[in-house]
Amino acid sequence: MNAIPQAVQAPTVSPISCATSAPWTVAEIEALFDLPFMDMIWRAQQVHRQHFDANEIQRSTLISVKTGGCSEDCGYCSQSARNKAELEREKLMPVADVVAAAKAAQAKGASRFCMGAAWRGPKDKDLEPLLEMIREVKSLGLQTCVTLGMLKDGQAEKLADAGLDYYNHNLDTAAEFYGQVISTHTQQDRIDTIGEVRKAGIKVCSGGIIGMGESRKNRAALIAQLANLNPAPESVPINNLVAIPGTPMAATKGVDNFEFVRTIAAARITMPTSFVRLSAGREAMSDEMQALCFLAGANSMFYGDKLLTTGNPDVDRDEALFAKLGLRPI
Ligand code: SAM
Ligand code: DTB
Ligand code: SF4
């Protein structure tokens, strides 16, 4: 006679210190990273499904409205004037061209349009055309996002008045590692800008880059900083370094795929209600790797053939992936 199957056992996780809410210590997040992979993903899935429909992915389209010639020395960036990446510098795009690109993105199914400029920060005279872009894109019914660098007093309020929904400003890497990547501004400068954005009532989009030579402890520290911003950013882009020829990071090896997935899971567990965006680096990922990132709690992506200066999976490939996984765009 066949044995009667046992009732399915509730999964167990290793007995670690099981912190569940902010403030998070770096040690608590390192303990999450140390979990067996399956236990970490299971925990991320539980948190994800408490707050989101796990089959829904938010899609943002990105456009570079001003490209290259940036005064900053960010070691990963093709747009730094100090780096030697092969790149055509471009002046600020005309508003009408940006609006046409936003309409095309909306027609393809994006819900948010993100406009990026290679600036240390905008001069007041630069801000006027940006405000016009925000007004026009917003009037199409798209959510608006800009990433313009550090903001001076009063600039965030002007952006808010124009109807800006999100400001992207990444902490990028742990405070302890920041100086090895960038010397022309400090991480505190960026935290200050995030404060200005919050004060103006704009939603915060802030995350970082993984695979720049940082340690696991640095990754845990970055996630802790983001999760403890109080409130955590509404949107958390996790970028996998795109090692661009001509930048100081051209030969940087990056991290193992499972370590990247773990970083997504750590962001999901510690920032339960934030959208976690699988951001740069997706073009080089297999469908299976992207599915693992969604399982770990990523629920947002850049959608469209280009990021700022590098490639992104084309829309047809993403549509096919959504169909294969039964994902729905929001
Ligand atoms: N200048 C503004 C700033 O630094 O915030 C806006 C543009 S900047 C290119 C936006 C973000 O893109 C950076 O903070 C970084 O996280 C990400 N990024 C830039 N180059 C990258 C690369 N090669 N790989 C992965 N992410 C990158
Ligand atoms: C973010 O965190 N990633 C996007 C967006 N915010 C502005 C930018 C990724 C840039 C990747 C390299 C490039 O295309 O130049
Ligand atoms: Fe300039 Fe932003 Fe690139 Fe840094 S990341 S060099 S601030 S465009």
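The values are calculated or read from the model by the stated rules, or taken from the named source; none is laboratory data. Note that the coordinates shown come from a computational prediction; the quantities given were computed from them, not determined experimentally. Here the Cβ is made from the backbone with ideal geometry for all residues, glycine too, and neighbour counts use every protein chain on show. Quick note on the areas: whole protein, heavy atoms, side chains included, nothing else; ligands and nucleic acids left out. Shrake-Rupley method; radii C 1.70, N 1.55, O 1.52, S 1.80 Å.
Just to verify a result, which residue in segment 290-310, among those that are under 23 Å from M38 (Cα atoms) and open to solvent by less than 10 Å² (accessible area, probe 1.4 Å), is nearest to ligand 2 (Cβ to nearest atom)? Quick ask: steps written out before the conclusion?
Within segment 290-310, the subset under 23 Å from M38 (Cα atoms) is 290-300.
This time we only want the ones that are open to solvent by less than 10 Å² (accessible area, probe 1.4 Å), so: 290, 293, 296-300.
On the way: Q290: 16, C293: 15, A296: 17, G297: 17, A298: 13, N299: 15, S300: 11 Å.
Result: S300.
In segment 153-166, which residues are surrounded by 17 or more Cβ atoms within 10 Å (Cβ to Cβ) and free of Cβ contacts under 8 Å to residues at least 60 places away in the same chain?
So in segment 153-166, the residues surrounded by 17 or more Cβ atoms within 10 Å (Cβ to Cβ) come out as 155-156, 158-160, 162, 164-166.
If the condition is that a residue be surrounded by 17 or more Cβ atoms within 10 Å (Cβ to Cβ) and free of Cβ contacts under 8 Å to residues at least 60 places away in the same chain, then Q155, A156, K158, L159, A160, A162, L164, D165 are the ones that fit.
Would you point out which residue out of P237, P313, P245 is open to solvent by less than 10 Å² (accessible area, probe 1.4 Å), under 25 Å from G75 (Cα atoms) and within 16 Å of ligand 3 (Cβ to nearest atom)?
Details: P313 fails: within 16 Å of ligand 3 (Cβ to nearest atom); P245 fails: open to solvent by less than 10 Å² (accessible area, probe 1.4 Å).
Unique residue meeting the criteria: P237.
Where in segment 18-137 are there helices (runs of 4 or more DSSP H), lying wholly inside it, with at least 2 residues that are without any contact (Cβ under 8 Å) to a residue 40 or more places away in the chain and open to solvent by less than 20 Å² (accessible area, probe 1.4 Å)?
Numbers: elements: 26-34, 37-51, 95-108.
Because the criterion is at least 2 residues that are without any contact (Cβ under 8 Å) to a residue 40 or more places away in the chain and open to solvent by less than 20 Å² (accessible area, probe 1.4 Å), no helices (runs of 4 or more DSSP H) in segment 18-137 meet it.
Using the structure shown, decide if Q180 is more than 9 Å from ligand 1 (Cβ to nearest atom), open to solvent by 30 Å² or more (accessible area, probe 1.4 Å) and part of a helix (DSSP H, G or I).
Working: more than 9 Å from ligand 1 (Cβ to nearest atom): yes; open to solvent by 30 Å² or more (accessible area, probe 1.4 Å): yes; part of a helix (DSSP H, G or I): no.
No, not satisfied.
Does segment 300-319 contain at least one residue that is out of contact with any His (no Cβ under 8 Å at 6 or more places or on another chain) and at pLDDT below 95? Show your work before the answer.
Let us first name the residues in segment 300-319 that are out of contact with any His (no Cβ under 8 Å at 6 or more places or on another chain), namely 300-319.
Still in the running and at pLDDT below 95: 305.
Scanning segment 300-319, I find at least one residue that is out of contact with any His (no Cβ under 8 Å at 6 or more places or on another chain) and at pLDDT below 95, so the answer is yes.
Starting from segment 139-152, take each residue that is open to solvent by 30 Å² or more (accessible area, probe 1.4 Å) and list its partners that are of a type in the set (K, R), counting only C-beta distances under 6 angstrom and pairs at least six apart or across chains.
Q143/R112
Condition first: within 16 Å of ligand 1 (Cβ to nearest atom), touching a Gly at 6+ places or on another chain (Cβ under 7 Å) and not in a loop (DSSP other than H, G, I, E, B). Now tell me which residues in segment 138-158 satisfy that.
T144, T147
What is the number of the single condition among (1) closer than 28 Å to S78 by Cα; (2) more than 16 Å from ligand 1 (Cβ to nearest atom); (3) not charged (D, E, K, R) that T270 does not meet?
It is condition (1) that T270 fails.
For segment 190-211, indicate whether the set of residues that are out of contact with any Leu (no Cβ under 7 Å at 6 or more places or on another chain), of a type in the set (A, V, I, L, M, F, W, C) and within 23 Å of N55 (Cβ to Cβ) is non-empty.
yes
Only one of I269, I191 is open to solvent by less than 30 Å² (accessible area, probe 1.4 Å), among the β-branched types (V, I, T), farther than 19 Å from A117 by Cβ and in contact with a helix residue (DSSP H, G or I) (Cβ under 9 Å, 6 or more places away or on another chain); which?
Numbers: I191 fails: open to solvent by less than 30 Å² (accessible area, probe 1.4 Å).
Answer to the selection: I269.
State all residues of segment 61-87 that are more than 24 Å from R277 (Cβ to Cβ), of a type in the set (D, E) and in contact with a strand residue (DSSP E or B) (Cβ under 7 Å, 6 or more places away or on another chain); if no residue qualifies, say none.
D73 - this is the single residue of segment 61-87 that is more than 24 Å from R277 (Cβ to Cβ), of a type in the set (D, E) and in contact with a strand residue (DSSP E or B) (Cβ under 7 Å, 6 or more places away or on another chain).
This table checks each residue for (1) under 14 Å from the mean Cα position of the chain (by Cα); (2) hydroxyl-bearing (S, T, Y).
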| residue | (1), (2) |
| --- | --- |
| N257 | no, no |
| T263 | yes, yes |
| S274 | yes, yes |
| A284 | no, no |
| G297 | yes, no |
| T309 | no, yes |
| D314 | no, no |
| D318 | no, no |
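Hey, among G154, G179, G208, G201, which residue is more than 16 Å from ligand 2 (Cβ to nearest atom) and closer than 16 Å to A232 by Cα? Reasoning before the result, please.
Values: G154 fails: closer than 16 Å to A232 by Cα; G179 fails: closer than 16 Å to A232 by Cα; G208 fails: more than 16 Å from ligand 2 (Cβ to nearest atom).
Every option except G201 fails the conditions.
Just give me the residues in segment 59-118 being away from ligand 3 (no atom under 13 Å from the Cβ) and among the small types (G, A, S), in sequence order.
The answer is S60, A96, A100, A101, A102, A104, A105, A107, G109, A110, S111.
Restricting attention to segment 220-265, which residues are at positive phi and modelled with pLDDT of 95 or more? I'd like the intermediate steps shown before the answer.
First, the residues of segment 220-265 that are at positive phi: 230, 246, 254.
G246, G254 - these are the residues of segment 220-265 that are at positive phi and modelled with pLDDT of 95 or more.
List every residue pair whose Cβ atoms sit under 6 Å apart, with the two residues 6 or more apart in sequence or on different chains, where the first one lies in segment 204-220 and is open to solvent by less than 10 Å² (accessible area, probe 1.4 Å) and the second, anywhere, is within 12 Å of ligand 2 (Cβ to nearest atom) and among the small types (G, A, S).
Qualifying pairs under 6 Å: C205/S235.
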